[in-house]
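Notes to accompany the following structure.
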Amino acid sequence: MTIERLPPARKLRTLLDRFGSKVLYTIHMKRTNLVLDVDLLNEATRVLGLKTYSATVNRALAETVRVRKIQSLPTFFGSQLWEGNLAVMRDDLRAPRPRRTPSRRRGAR
């Protein structure tokens, strides 16, 4: 019987027997079938420098999500999510130092 068909408690015991005290992490993945343009997939794999098609698709999805998040940022500018006076909040700024006069040079005595 394969480990996938075991009940959860027995599966855990079997994994602990096999791997001992090593930490196991669960990775949630979804298997699916996609119809992709072969030339585009090969080019993306080459350009991204990845070895597998799965890694290429995952990287492309992650990059698409990242770009869309960046593109959505301007919608928050001017949406009045924050109200206040930034100049008043910046009380940690020091007062400007007085400028040196040209006659006072470093090292001159």
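The values are calculated or read from the model by the stated rules, or taken from the named source; none is laboratory data. In this text, all values refer to a predicted model and were calculated from it rather than measured experimentally. Quick reminder, even Gly has a Cβ in these numbers, built from the backbone with ideal geometry, and neighbours come from all protein chains shown.
Of note:
- Across region 25-56, the qualifying residues are those that are of a type outside the set (A, V, I, L, M, F, W, C) and part of a helix (DSSP H, G or I), and the one among them that is surrounded by the most Cβ atoms within 10 Å (Cβ to Cβ) is Thr56.
- Unmet criterion (only one of (1) assigned to a loop (DSSP other than H, G, I, E, B); (2) at pLDDT below 75) for Arg18: (1)
- Criterion (loosely packed, with under 10 Cβ neighbours inside 10 Å, charged (D, E, K, R), at pLDDT 70 or above and in a helix (DSSP H, G or I)) met by exactly one of Arg99, Arg68: Arg68
- Matching option when the condition is at pLDDT below 70 and over 24 Å from the mean Cα position of the chain (by Cα), among Leu40, Leu12: Leu12
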